Amino acid sequence: MTKLLAESLVRDIPDFPKPGILFKDITPVVQNYDALKEVVEKMAEFGRSCKVDMVVGIEARGFLFGAPIALELKTGFVPLRKLGKLPGNRITEEYALEYGTNTVEIHNDAIEPGMRVLIVDDLLATGGTAAAAARLVERVHGVVAGICFLAELDFLEGRKALEKYPLCSLLHYD
Ligand code: AMP
């Protein structure tokens, strides 16, 4: 398989946002037209194989890929946001972080019952964020048809939390 341009562009930022975390910075990927186009096309290819009617992106970096993937797939895009950011009627899911909890929300009229949804984020770590996103989609009666990421930290085994869904990550880190 040919190497993706994005692989050489993702950069490691040690000790961000706190000591001991090696942050995978994807901003150089979205800054580069060829790299962005390539990864959006690859993720859209996966979405197409899942036959989705809607793309859901997880705030904030999931938006960077999710909206252009939706354009490729000719679907709408639904932003899944952190606590308190959505103005309309919404439902909430809390999930565990290494320390404490985080909350994601979706507008309860964003997805029609039975719609097949592709969930998009930049990176899969422990899987807690994407699992909460999947629960939200299911609570509004959508079908999680696939979940895709630009990158996956394989050693955290986050895909175990998502094993009932078709999954795609373009880049893998041990
Ligand atoms: P998790 O819920 O543990 O799978 O974490 C995934 C979410 O946290 C994604 O939205 C990522 O953007 C972010 N994230 C977690 N760990 C990292 C990391 N090492 N580098 C960059 N982003 C990360």
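Please list, in chain and number order, the residues 5+ apart from Arg90 or on another chain whose amide H is under 5 Å from its amide H, with Hs placed from the backbone.
Answer set, sorted by chain and number: Asn108.
Can you list the cysteines of the chain that have no other Cys Cβ under 4.7 Å away?
Cys50
With r as the distance between the Cβ atoms of Ala67 and Lys164 and R0 = 30 Å, compute the FRET efficiency 1/(1 + (r/R0)^6) and round to 0.05.
On the way: r = 26 Å, r/R0 = 0.87.
E between Lys164 and Ala67, to the nearest 0.05, is 0.70.
What is the magnitude of the charge dipole of the chain about its Cα centre, with +1 placed on the Cβ of each Lys and Arg, -1 on the Cβ of each Asp and Glu, and no other charges, expressed in debye to the nearest 20?
Values: 20 positive and 25 negative charges, 74 e Å.
Charge dipole of the chain: 360 debye, to the nearest 20.
Looking at the chain only, what percent of DSSP beta bridges run antiparallel? Nearest 5 please. Please report the intermediate quantities before stating the final value.
On the way: 13 of 36 bridges.
Antiparallel: roughly 35 percent of the beta bridges in the chain.
Can you tell me the relative contact order of the chain? Whole percent, Cα pairs under 8 Å, sequence separation 6 or more. Working shown, then result.
Numbers: 352 pairs, mean separation 31.6, N = 174.
Result for the chain is 18 percent.
How long, wide and thick is the chain, going by the Cα atoms along their three principal axes, in whole angstroms, largest first?
40, 37, 29
What distance in nm separates the two pseudo spin-label positions at Arg139 and Leu156, each 7 Å out from Cα along the beta-carbon direction?
In this crude spin-label approximation the distance works out to 2.2 nm.
Aspartates and glutamates near Lys82 by alpha-carbon distance under 19 Å, same-chain residues fewer than 8 away left out - which ones?
Partners within reach: Glu59, Glu93, Glu94, Glu98, Glu105, Asp109, Asp121, Asp122, Glu138.
Over the range 74-174, what relative contact order in percent results from Cα pairs under 8 Å that are six or more residues apart? Walk me through the numbers on the way to the answer.
Values: 192 pairs, mean separation 23.9, N = 101.
Dividing the mean separation by the residue count of the range 74-174 yields 24 percent.
Simple spin-label model, 7 Å along Cα-to-Cβ: Asp15 to Ala60 in nm?
2.3 nm
If you count, for each residue, the other Cβ atoms within 10 Å and average over each peptide, how do 105-112, 129-136 line up from highest to lowest?
Working: 105-112: 18.1, 129-136: 23.2.
My ranking of the peptides, most packed first, is 129-136, 105-112.
Residues with amide H under 5 Å of Gly146's amide H, sequence separation 5 or more or different chain, H placed in the peptide plane at 1.01 Å from N; which?
Result for Gly146 returns Val117, Ile119.
How far, in nm, would the chain grow between Asp109 and Arg48 when pulled straight, counting 0.36 nm per residue and subtracting the alpha carbon separation?
This chain segment gains 19.6 nm when fully extended.
With a 1.4 Å probe and all protein chains left in place, how much of the accessible area of the chain comes from carbon and sulfur atoms, in whole percent? All intermediate terms of the calculation are to be shown ahead of the outcome.
Details: 4790 of 9090 Å².
Within the chain, the accessible surface is 53 percent carbon and sulfur.
Around Leu123, under 11 Å between beta carbons, what's the net of Lys plus Arg minus Asp minus Glu among the other residues? Write down the numbers at each step before the final one.
Details: positive: Lys24, Arg61; negative: Asp25, Asp121, Asp122, Glu152.
Neighbour charge sum, excluding Leu123 itself: -2.
The values are calculated or read from the model by the stated rules, or taken from the named source; none is laboratory data. Values in this document were obtained by computation on a predicted structure and should not be read as measured data. Glycine also receives a Cβ, built like all others from the backbone with ideal geometry; neighbour counts cover every protein chain displayed. Heavy atoms of the whole protein, side chains included, go into the accessibility calculation; ligands, DNA and RNA do not. Shrake-Rupley method; radii C 1.70, N 1.55, O 1.52, S 1.80 Å.
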